[in-house]
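J.: Before we start, here is the structure in question, set down as structure tokens.
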Amino acid sequence: MQLTSHFPVNATMQDWQPDDFRHAEVVIELQARFGAHALHVQNTRTGIPVVWIDRDKITDALRFLNKVARPYNMLFDLHAVDERLRTHRDGMPQADFTVFYHLLSIERNSDVILKVALAESDLHLPTATAVFANANWYEREVWDLFGIRFDGHPHLTRIMMPKSWQGHPLRKDYPARATEFDPFMLDAAKQDMEQEALKFKPEEWGLTRGSDSEDFMFLNLGPNHPSAHGAFRIVLQLDGEEVRDCVPDIGYHHRGAEKMGERQSWHSYIPYTDRVEYLGGVMNNLPYVLAVEKLAGIEVPSRVQYIRVMLAELFRINSHLLFLGTYIQDVGAMTPVFYAFTDRQKIYTIIEAITGARMHPAWFRIGGVAHDLPQGWQRLVKDNLLDWLPSRLNEYVKAAMKNSILIGRTRGVAAYTTEEALRWGVTGAGLRATGLNFDLRKWRPYSGYENFDFDVPVGENGDAYDRAMVRVEEIRQSLRIIEQCLHNMPAGPFKADHPLTTPPPKERTLQHIETLINHFLQVSWGPVMPASESLQMIEATKGANSYYLTSDGGTMSYRTRIRTPSFAHLQQIPSVIRGSMVSDLIVYLGSIDFVMSDVDR
């Protein structure tokens, strides 16, 4: 396993300024190719160029950016917005709906977002699947939740909602609360209809039943938990025990997390982020509050940055330990999973002492954290973690990762290259296992990560074994970061002195009537954020996670887009596992490290 801290020069993303990107390199390239009249550069607080382009040019623009020198070779995200109720659209093209294409370039370490405006009467776009294979699921999701069609898509069907669902839930005219619906009834006729809709018909997915002299078997794996790591279903087309093809089926865990962002105040949405990837805890708060702070123009104190980093790394270790135990269990060994849960309890003791909760603290706040670190936190971190875990990790490696049976089951299994990983939008340990050291904490430091000394572990073969070993080494690097937090924790306040943070210090509410009024309004209504758009990407436990927030100058988000790593990782499964054995699929699923709440949202 290699360790590297090398990353491109000028890796830190630019601080946002209103006119930063009118003359950005990628904008100039697009203007040279399509003409300045065909483009419109939008001012946002995303930190990256946002360019509007005509619908009839979008496919050519995607193909151009994918082939340009130092190409934008990853479709990082694709989503949409219902613009019909948005009031603050100054300087933007007229649109009833907007589709976003977020592209990422590894060689440039930069991104660009292309937007296409659509009229409600003509919700059609050409599919991007011929340029980016991973556009498949993203376009299905946009069709499912917004009703926007992608002409030429190979299988444009619902992906989150059941086949029988009526309407498109992320449209603004669709209710956001259960109390706005009629009471749910499931009579015998409707139950039969739903059961019929669940039947898998291979022909609909382009799968063949075999030749005149043979037939393939179809094996329905899931939806079941915990063996499939969540309510996940995958239909396998088998020739004996060989996987000829497969169809991943998701959506069983969909709870409308993005829709709920439209009905909650900026503050009250924080606990919902904990549940998107339920092993990440405050790690899920982080990109959300950082994106809101970009909207508000809030700069947090250094102490806040260090506290956030320490808590995020504690949850990274906890998530990786659970991965390690269950992954080894998937391969066939039982003992490590009990070791892992023992070690995780020690970390939860630290988290509970600091936040008052364990799995879902919802502890980060806009502008800071809920309260300061308690007395004695240093001793807990030292005794329960820094003095304990390193030697335990050595035991994991010796007893399991160097076990000849595990090595035989995982080396060379479900391997893919860096190019293939980028094509499918793979990030995190799954990408680094191929040899590319792409880690947002190094390449685009946030929340003060530039102040920490740590390395980026990378693999060589991109197989199931390397994906596990990368995470083992990442635990060691997280321990280094936490030790630096222990020794270098800055003094100072635990929240920013800004009117949009809440609550203000208690003594101020008792002494100043204006502060008391502001506190009352912030708690009852929530803060009013400036009208703009912001984006924050972080290196989460399972890969790159991001929140794209659209504010219309109100007390809640107009649109909350959550790009999760696991959604992209599951879409890659068929391309990797074709031609392998069923037993290899189980190892591959374990090596991905996903939870279905992160996929379905």
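J.: Mind checking which residues of the range 145-162 are within 16 Å of Pro126 (Cα to Cα) and either aliphatic (A, V, I, L, M) or outside any loop (DSSP other than H, G, I, E, B) (or both)?
T.: Filtering the range 145-162 for residues within 16 Å of Pro126 (Cα to Cα) gives 146-157.
Answer for the range 145-162, where residues must be within 16 Å of Pro126 (Cα to Cα) and either aliphatic (A, V, I, L, M) or outside any loop (DSSP other than H, G, I, E, B) (or both): Phe146, Ile148, Arg149, Phe150, Asp151, Leu156.
J.: Another question, then. For the range 401-421, which residues satisfy the criterion of being assigned to a helix (DSSP H, G or I) and surrounded by fewer than 23 Cβ atoms within 10 Å (Cβ to Cβ)?
T.: Those that are assigned to a helix (DSSP H, G or I) and surrounded by fewer than 23 Cβ atoms within 10 Å (Cβ to Cβ): Met401, Ser404, Ile405, Leu406, Ile407, Gly408, Arg409, Thr418, Glu419, Glu420.
J.: Let me spell it out: the conditions are (1) under 26 Å from Asn545 (Cα atoms); (2) of a type in the set (A, V, I, L, M); (3) not in a strand (DSSP E or B), and Val81 meets all of them except one. Which number is the exception?
T.: It is condition (3) that Val81 fails.
J.: Next question, about the same structure. Do the conditions hold for Pro574, that is, is it in a loop (DSSP other than H, G, I, E, B) and surrounded by fewer than 19 Cβ atoms within 10 Å (Cβ to Cβ)?
T.: Here the answer is no, as Pro574 does not meet what is asked.
J.: If you take the residues of the range 118-139 that are without any contact (Cβ under 8 Å) to a residue 60 or more places away in the chain and under 24 Å from Gly256 (Cβ atoms), which of them is farthest from the chain's Cα centre (by Cα)?
T.: Ranking the candidates gives Glu120 first.
J.: Quick one: what pairs do we get from the range 506-522, first residue not assigned by TED's automatic domain parsing to the domain that holds Lys495, second part of a helix (DSSP H, G or I) and surrounded by 10 or more Cβ atoms within 10 Å (Cβ to Cβ), C-beta under 9 Å, 6+ apart or different chains?
T.: Within 9 Å, no pair qualifies.
J.: Within the range 400-438, how many residues are in contact with a Lys or Arg (Cβ under 7 Å, 6 or more places away or on another chain) and over 15 Å from Asn73 (Cβ atoms)?
T.: Selection size over the range 400-438: 4.
J.: I need a count of the residues in the range 129-144 that are in contact with a Lys or Arg (Cβ under 9 Å, 6 or more places away or on another chain) and part of a loop (DSSP other than H, G, I, E, B).
T.: Qualifying residue count, the range 129-144: 5.
J.: Would you pick out the residues in the range 107-127 that are surrounded by fewer than 13 Cβ atoms within 10 Å (Cβ to Cβ) and assigned to a loop (DSSP other than H, G, I, E, B)?
T.: Glu107, Ala119, Ser121, Asp122
J.: Kindly indicate whether Lys346 is more than 24 Å from the chain's Cα centre (by Cα), touching a residue at least 40 places away in the same chain (Cβ under 8 Å), assigned to a helix (DSSP H, G or I) and surrounded by fewer than 16 Cβ atoms within 10 Å (Cβ to Cβ).
T.: The answer is no for Lys346.
A quick yes/no check of all residues on (1) closer than 19 Å to Arg84 by Cβ; (2) among the hydrophobic types (A, V, I, L, M, F, W, C); (3) assigned by TED's automatic domain parsing to the domain that holds Thr87:
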position	(1), (2), (3)
Val142	yes, yes, yes
Asp151	no, no, yes
Gln166	no, no, no
Tyr174	yes, no, no
Ala178	no, yes, no
Asp182	no, no, no
Met185	no, yes, no
Asp192	no, no, no
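J.: What are the pairs with Cβ atoms under 9 angstrom where one residue, in the range 316-338, is closer than 15 Å to Leu389 by Cα and assigned by TED's automatic domain parsing to the domain that holds Arg411 and the other, located anywhere, is polar (S, T, N, Q) and modelled with pLDDT of 90 or more? Sequence gap at least six, or different chains.
T.: Every condition considered, the pairs that remain are Arg316/Ser478; Arg316/Thr541; Ile317/Ser478; Asn318/Thr541; Ser319/Thr541; His320/Ser478; His320/Thr541.
J.: May I ask you to list the residues in the range 140-184 that are more than 23 Å from the chain's Cα centre (by Cα) and of a type in the set (D, E, K, R)?
T.: Listed by number, the residues that qualify are Arg149, Asp151, Lys163, Lys172, Asp173, Arg177, Glu180, Asp182.
J.: Something else now. Are there any pairs with C-beta distances below 6 angstrom linking a residue in the range 468-489 that is surrounded by fewer than 20 Cβ atoms within 10 Å (Cβ to Cβ) to a residue that is among the β-branched types (Val, Ile, Thr), with the two at least 6 apart or on different chains, and if so which?
T.: If the second residue must be among the β-branched types (Val, Ile, Thr), the pairs left are Leu486/Val381.
J.: Right, here's the next one. Of the residues that sit in the range 210-269 and are part of a loop (DSSP other than H, G, I, E, B) and among the basic types (Lys, Arg), which one is nearest to Ala197 (Cα to Cα)?
T.: Once the filter is applied, the top-ranked residue is Arg255.
J.: Right, Asp19: modelled with pLDDT of 95 or more and of a type outside the set (Gly, Ala, Ser) or not? Quick ask: steps written out before the conclusion?
T.: Working: modelled with pLDDT of 95 or more: no; of a type outside the set (Gly, Ala, Ser): yes.
Judged against the criteria, Asp19 is not a match.
J.: Same structure, new question: Can you pull out the residues in the range 72-125 that are closer than 17 Å to Arg55 by Cα, touching a strand residue (DSSP E or B) at 6+ places or on another chain (Cβ under 7 Å) and of a type in the set (Ser, Thr, Tyr)?
T.: Of everything in the range 72-125, those that are closer than 17 Å to Arg55 by Cα, touching a strand residue (DSSP E or B) at 6+ places or on another chain (Cβ under 7 Å) and of a type in the set (Ser, Thr, Tyr) turn out to be Thr98, Tyr101.
J.: From the list Lys115, Lys67, exactly one residue is under 27 Å from Glu262 (Cβ atoms) and over 18 Å from the mean Cα position of the chain (by Cα). Which is it?
T.: None of the others qualify; the one that does is Lys115.
J.: Out of Pro361, Pro457, I need the residue that is in contact (Cβ under 8 Å) with a residue 12 or more places away in the chain, buried (at least 18 other Cβ atoms within 10 Å of the Cβ) and touching an Asp or Glu at 6+ places or on another chain (Cβ under 6 Å). Which one?
T.: Working: Pro361 fails: touching an Asp or Glu at 6+ places or on another chain (Cβ under 6 Å).
Answer to the selection: Pro457.
J.: Also, I was wondering about something else. Residue check: is Asn518 under 30 Å from Ile317 (Cβ atoms) and in contact with a Pro (Cβ under 7 Å, 6 or more places away or on another chain)?
T.: Here the answer is no, as Asn518 does not meet what is asked.
J.: Assuming Val582 fulfils every condition listed in (1) under 20 Å from Ile270 (Cα atoms); (2) surrounded by fewer than 24 Cβ atoms within 10 Å (Cβ to Cβ); (3) β-branched (Val, Ile, Thr) apart from one, which condition is it?
T.: (1)
Here's the yes/no breakdown for (1) surrounded by fewer than 24 Cβ atoms within 10 Å (Cβ to Cβ); (2) within 24 Å of Glu258 (Cβ to Cβ):
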residue: Asn518; (1), (2): yes, no
residue: Pro530; (1), (2): yes, yes
residue: Asn545; (1), (2): no, yes
residue: Gly553; (1), (2): yes, yes
residue: Met556; (1), (2): yes, yes
residue: Thr564; (1), (2): no, yes
residue: Ser591; (1), (2): no, no
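J.: Name every residue in the range 225-241 that is under 24 Å from Met160 (Cβ atoms) and modelled with pLDDT of 75 or more, in order of residue number.
T.: Of everything in the range 225-241, those that are under 24 Å from Met160 (Cβ atoms) and modelled with pLDDT of 75 or more turn out to be Gly230, Ala231, Phe232, Arg233, Ile234, Val235, Leu236, Gln237.
J.: Looking at this structure, is Lys398 at negative phi, basic (Lys, Arg) and either touching a residue at least 60 places away in the same chain (Cβ under 8 Å) or assigned to a loop (DSSP other than H, G, I, E, B) (or both)?
T.: So Lys398 does not fit the description; no.
The values are calculated or read from the model by the stated rules, or taken from the named source; none is laboratory data. Predicted model only: the values in this text are computed from it and were never measured. As a convention, Cβ positions derive from the backbone with ideal geometry for all residues, glycine included, and neighbour counts pool all protein chains shown.
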